[in-house]
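To keep things clear, I will list the structure first and then write my remarks on it.
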Amino acid sequence: MKKIWLFIVLLSLSGIVFAYNPPVGGQFFYNLADPLQLSSASSAAGGGIFTVNSNSIISNPALPAYENRAEIDLSGSALINAGSAFQMGTIIPTRMFVISGFMNGTFCDVKEMDLGNSFNIKAGLSKQVTERISVGANIYTGILKCDDVDWSLGMDIGALYRISQLGFMKDFRIGASVHGLGKNYSGTEYGVKYEEEPDWYKYAMHDYSVATGNSWIFRKYIYDRYFAPKETTDTFPGFHSLRTGAAANFFKTSTITGGLSADVTVAGFFQDMIFDYGFQLSIKDNLLIRVGQTFDILELNNEKSSVFPVIGVSYKMKLNMGKSNFIKNHGWETSELRVAAAQKYFYDNISAYSAGANLILGLNESDGPSIQVFEE
């Protein structure tokens, strides 16, 4: 009897997995507009070389907890043959928490990547609770316009464990986060399982029509039954998605630092699995080169994904903010500007070209000016 019930449960789960049909790029939805997130391999541990901006809460709400400087972020992406996306956000450290959030607009309603036209907001709090552990939580909401109007409302939670060294690895981190605790989007038309009439089907139907004299009626029945899109796509990004990841610096010299990250995401109650890896190389702490890859099992199985990696680069420079009283009172006379760009090829001639800038106000506490007490 137990074996029968186990078989029924497994059969039910397999039916759920087989039926899941989000749009292409649905699990990657919030990352499209920002070059750092686009090329970070969605690291829940902050990437091989720990790098954070306001959009990092997409991967793990706990990541901004270590930030002690205010930040303003602006980015956008051209989705070639698909649409566009933009994002603007901020990080605000306070004595109790670090506040972070962003606004996002994504406009992508072609059948190859039918994400619809949406406006989204994510905002949250994070806190370093011990020397090694930080936690965070976000709330999100948005509105989606496709054939109909849909909305989203929910929360994400996350945690990060960080130690300075583990064996030969420096700045070792383990991150975990749960996303989509609420209502996510659905309702666009073309899902990952949609396909045009394949060539073999067209030829077969042509031969059948010639042989039997039965033309469009039978052909339409077969297409509607096996190939036509569902009325609407399923939930995206996947609800109750668990993301776990690890990252560390694997080598470090006075000039060059190299780091690796690896993540696994179980999306929507095992309806999809996503594997991410990333490599980052920092040169003189200014130039950062990123190479990342995402393997979405559902998209790969339906031939709607690419094996080409994402390539990104960013450069950080000092910036003189002036000498007004307001700037001086906040200690922002010298700040940092990080500019970034990334490129990702999806599939079927769809690519993302992304650029952005992060204005980080003030100097890091470890980078403050040296003070000479006594004259030599």
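The values are calculated or read from the model by the stated rules, or taken from the named source; none is laboratory data. Predicted model only: the values in this text are computed from it and were never measured. All Cβ positions, glycine included, derive from the backbone under ideal geometry; neighbour counts span all protein chains shown. The area values use the complete protein model at the heavy-atom level, side chains included, leaving out ligands, DNA and RNA. Shrake-Rupley method; radii C 1.70, N 1.55, O 1.52, S 1.80 Å.
Listed values, structure above:
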quantity: Candidate set: the range 121-133, residues that are touching a Gly at 6+ places or on another chain (Cβ under 9 Å) and closer than 24 Å to residue 248 by Cα; chosen: the one least open to solvent (accessible area, probe 1.4 Å); calculated: 126
quantity: Complete set of residues in the range 18-51 that are buried (at least 24 other Cβ atoms within 10 Å of the Cβ) and without any contact (Cβ under 8 Å) to a residue 24 or more places away in the chain; calculated: 37
quantity: Per-region count, the range 343-365, residues within 23 Å of residue 289 (Cα to Cα) and either open to solvent by 30 Å² or more (accessible area, probe 1.4 Å) or without any contact (Cβ under 8 Å) to a residue 60 or more places away in the chain (or both); calculated: 8
quantity: Residue list for the range 294-310, restricted to those being in a strand (DSSP E or B) and surrounded by 17 or more Cβ atoms within 10 Å (Cβ to Cβ); calculated: 294, 296, 310
quantity: Members of the range 311-342 that are surrounded by fewer than 17 Cβ atoms within 10 Å (Cβ to Cβ), closer than 12 Å to residue 363 by Cα and of a type in the set (S, T, N, Q); calculated: 320, 334
quantity: Subset of the range 52-67 that is assigned to a loop (DSSP other than H, G, I, E, B) and not charged (D, E, K, R) - its residue that is surrounded by the fewest Cβ atoms within 10 Å (Cβ to Cβ); calculated: 52
quantity: Matching residues in the range 138-168 - criterion: being at pLDDT 90 or above, crowded, with 18+ Cβ neighbours inside 10 Å and of a type in the set (A, V, I, L, M, F, W, C); calculated: 144, 159, 160
quantity: Test: residue in the range 174-182 that is farther than 23 Å from residue 40 by Cβ and either at pLDDT below 85 or assigned to a strand (DSSP E or B) (or both); calculated: yes
quantity: Selection from the range 68-118 of residues that are hydroxyl-bearing (Ser, Thr, Tyr) and either assigned to a strand (DSSP E or B) or in contact with a Leu (Cβ under 6 Å, 6 or more places away or on another chain) (or both); calculated: 75, 77, 84, 90, 100, 106, 118
quantity: Test: residue in the range 42-65 that is within 28 Å of residue 125 (Cα to Cα) and at pLDDT below 85; calculated: yes
quantity: Evaluation of residue 316 against (1) over 25 Å from residue 280 (Cα atoms); (2) part of a strand (DSSP E or B); (3) not aliphatic (A, V, I, L, M) (one fails), failing number; calculated: (1)
quantity: Qualifying residue in the range 184-203 (condition: at positive phi, open to solvent by less than 70 Å² (accessible area, probe 1.4 Å) and at pLDDT below 95); calculated: yes
quantity: One residue from 246, 267 being in contact with a helix residue (DSSP H, G or I) (Cβ under 6 Å, 6 or more places away or on another chain) and modelled with pLDDT of 85 or more; calculated: 267
quantity: Neighbours by Cβ (under 6 Å, 6+ apart or cross-chain): first from the range 285-303, closer than 16 Å to residue 238 by Cα; second open to solvent by 60 Å² or more (accessible area, probe 1.4 Å) and assigned to a helix (DSSP H, G or I); calculated: none
quantity: Filter result for the condition that a residue is open to solvent by less than 10 Å² (accessible area, probe 1.4 Å), of a type outside the set (Gly, Ala, Ser) and in contact with a strand residue (DSSP E or B) (Cβ under 6 Å, 6 or more places away or on another chain), over 97, 102; calculated: 102
quantity: Subset of the range 236-256 (residues that are polar (S, T, N, Q) and more than 15 Å from the chain's Cα centre (by Cα)); calculated: 249, 253, 254, 255
